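Visitor: Before I ask anything, here is the structure I am working with.
The values are calculated or read from the model by the stated rules, or taken from the named source; none is laboratory data. From a predicted model like this one, the values you see are computed outputs, not experimental measurements. Glycine gets a Cβ as well: all are built from the backbone with ideal geometry, and neighbour counts include every protein chain shown.
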Amino acid sequence: MSTVLERFLRYVQIDTQSDPSSSSFPSTAKQLKLSSLLVEELKAIGLGDACLDENGYVYATIPATSSKPNVPVLCFCSHVDTSPDVSGKDVKPLVHRQWDGSDIVLPDDGSQVLRKSELHDLDKQIGNDIVTASGTTLLGADNKAGVAEIMTAAAFLVAHPEIPHGTVKILFTPDEEVGRGTEKVDLERLGAQFAYTVDGEAVGTMEDETFSADGAQIIIHGVSTHPGYAFRKLENALKIAGDILAALPKAELSPETTQEREGFIHPVSFSGIQEKATIDFILRDFTTDGLLHKQQVLRGIMESVMAQYPGSSAELLVQEQYRNMKEVLDRYPQVVENALEAMKRAGLDPIRRSIRGGTDGSRLSFMGLPCANIFAGEHAFHSKLEWVSVQDMEMAVKVIVNLCEIWENKA
């Protein structure tokens, strides 16, 4: 039976980077290479219904071993794609055995150095086996660590039918990193009642709360004329957009000045010509009221700037992206309680956290599948310094198995 490390090293060498500019689904065909391999491996361990659907989702079922008729059907979910922020091509994973705490210099780019004084939680890994990339790519622990952990737990459960559990569903999604991970998931086909994404950071963490998120766009219609004859006529949309950007709060309400439960207004793209310009924003807060406040702040800035340009106009468009999954999970406290107990049974001191971001679990929860997020051990994701420890991945496998037993015990 493959270990979680063997699976992980195999998976990260497959380039599965998603593409936010693509209109296809999945956004890149190369994601299907890993998804197809996962189907083969799931069938090899005995899950005969494993399949890859036309949209790039992998579905599989671990049959129940319990005779109880009312054990809830669980789902464990991870995403196969990696971030567009850093190359995922030709990843060369390196295992630093029994790390002694010294700086880890990545060999293909000596400027990339993992230091325990700089990277969150790295100082807790002395003596463990650390996996990194070689310095020119990301590693892909986000979220191939979760994929490897679910696969290893599935193989363990199949090999140990004496462990009582209900029906367990496996779901691997594409395109999570570009915000489309649940866009075409078939929940009826999946047939689960509760779920866990395995896509968290530090060992022992369990996240039941995410940001609520909106996308916003300001479209500016300026007054265009020949620049040689523009005196008191031209109102350049590019300059108007620049004024709006310059008027955004700097000491608050921005990612670089907020932390913990503070939300923000964040411009992510800007394009245009002198006649028309567009600014795209993301709005983030843990409450819907907080999002509405940020919309009002942004609208106030837009209107204040536009008052200086009487010949021009602007419009603010807002689109809902996802909502805080805690709104759903609070109605199903057993999802969180069982996750915390599973970690305690594994010898961990659970850490309950909020995510300053979102997961597939956010959307799944509001689609009708209550879903919390448990740790995969991934760290410094979306960067060349990404790392994971073998021991943390092994612990995640134990927690997944424990969860299956706990839900059966309590049925």
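Visitor: Kindly indicate the residue of segment 178-210 that is within 16 Å of the chain's Cα centre (by Cα) and polar (S, T, N, Q) and also farthest from VAL335 (Cα to Cα) among those meeting that condition.
Guide: THR182
Visitor: Any residue that is aliphatic (A, V, I, L, M) and under 29 Å from GLY368 (Cβ atoms) - is there at least one of those in segment 257-278?
Guide: no
Visitor: Hey, another quick one. Residues being touching a helix residue (DSSP H, G or I) at 6+ places or on another chain (Cβ under 6 Å), part of a loop (DSSP other than H, G, I, E, B) and under 13 Å from LYS144 (Cα atoms): count how many of those fall in segment 1-56.
Guide: Selection size over segment 1-56: 2.
Visitor: How many residues are modelled with pLDDT of 95 or more and of a type in the set (Ser, Thr, Tyr) when one looks only at segment 259-276?
Guide: Matching residues across segment 259-276 total 1.
Visitor: All but one of (1) surrounded by fewer than 16 Cβ atoms within 10 Å (Cβ to Cβ); (2) touching a residue at least 60 places away in the same chain (Cβ under 8 Å) hold for PRO227; which doesn't?
Guide: Result: PRO227 passes all but (2).
Visitor: For segment 159-201, what are the residues that are among the charged types (D, E, K, R) and over 20 Å from PHE366 (Cβ atoms)?
Guide: Result: GLU162, GLU201.
Visitor: Pick from segment 243-252 the residues that are in a helix (DSSP H, G or I) and under 31 Å from the mean Cα position of the chain (by Cα): which of them is surrounded by the most Cβ atoms within 10 Å (Cβ to Cβ)?
Guide: ILE244
Visitor: Please find, within segment 164-190, the residue that is modelled with the lowest pLDDT out of those that are part of a loop (DSSP other than H, G, I, E, B) and surrounded by fewer than 19 Cβ atoms within 10 Å (Cβ to Cβ).
Guide: The qualifying residue modelled with the lowest pLDDT is GLY179.
Visitor: Out of curiosity, is ASP103 surrounded by fewer than 19 Cβ atoms within 10 Å (Cβ to Cβ) and in contact with a strand residue (DSSP E or B) (Cβ under 6 Å, 6 or more places away or on another chain)?
Guide: Spelling it out, ASP103 is indeed surrounded by fewer than 19 Cβ atoms within 10 Å (Cβ to Cβ) and in contact with a strand residue (DSSP E or B) (Cβ under 6 Å, 6 or more places away or on another chain).
Residue-by-condition table, conditions (1) within 17 Å of GLY181 (Cβ to Cβ); (2) surrounded by 16 or more Cβ atoms within 10 Å (Cβ to Cβ):
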position	(1), (2)
LEU5	no, yes
VAL12	no, yes
SER18	yes, yes
SER24	yes, no
SER27	yes, yes
LYS30	yes, yes
LEU42	no, yes
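Visitor: Of the residues PRO93, PRO72, PRO84, which single one is in contact with a strand residue (DSSP E or B) (Cβ under 7 Å, 6 or more places away or on another chain), within 15 Å of ALA148 (Cα to Cα) and assigned by TED's automatic domain parsing to the domain that holds ASN338?
Guide: PRO93
Visitor: Hey, another quick one. For segment 328-366, what are the residues that are in contact with a Lys or Arg (Cβ under 8 Å, 6 or more places away or on another chain), in a helix (DSSP H, G or I) and at pLDDT below 95?
Guide: Hits for segment 328-366 are SER362, PHE366.
Visitor: Could you check how many residues of segment 230-242 are surrounded by fewer than 16 Cβ atoms within 10 Å (Cβ to Cβ) and either at positive phi or not charged (D, E, K, R) (or both)?
Guide: Final tally of qualifying residues: 4.
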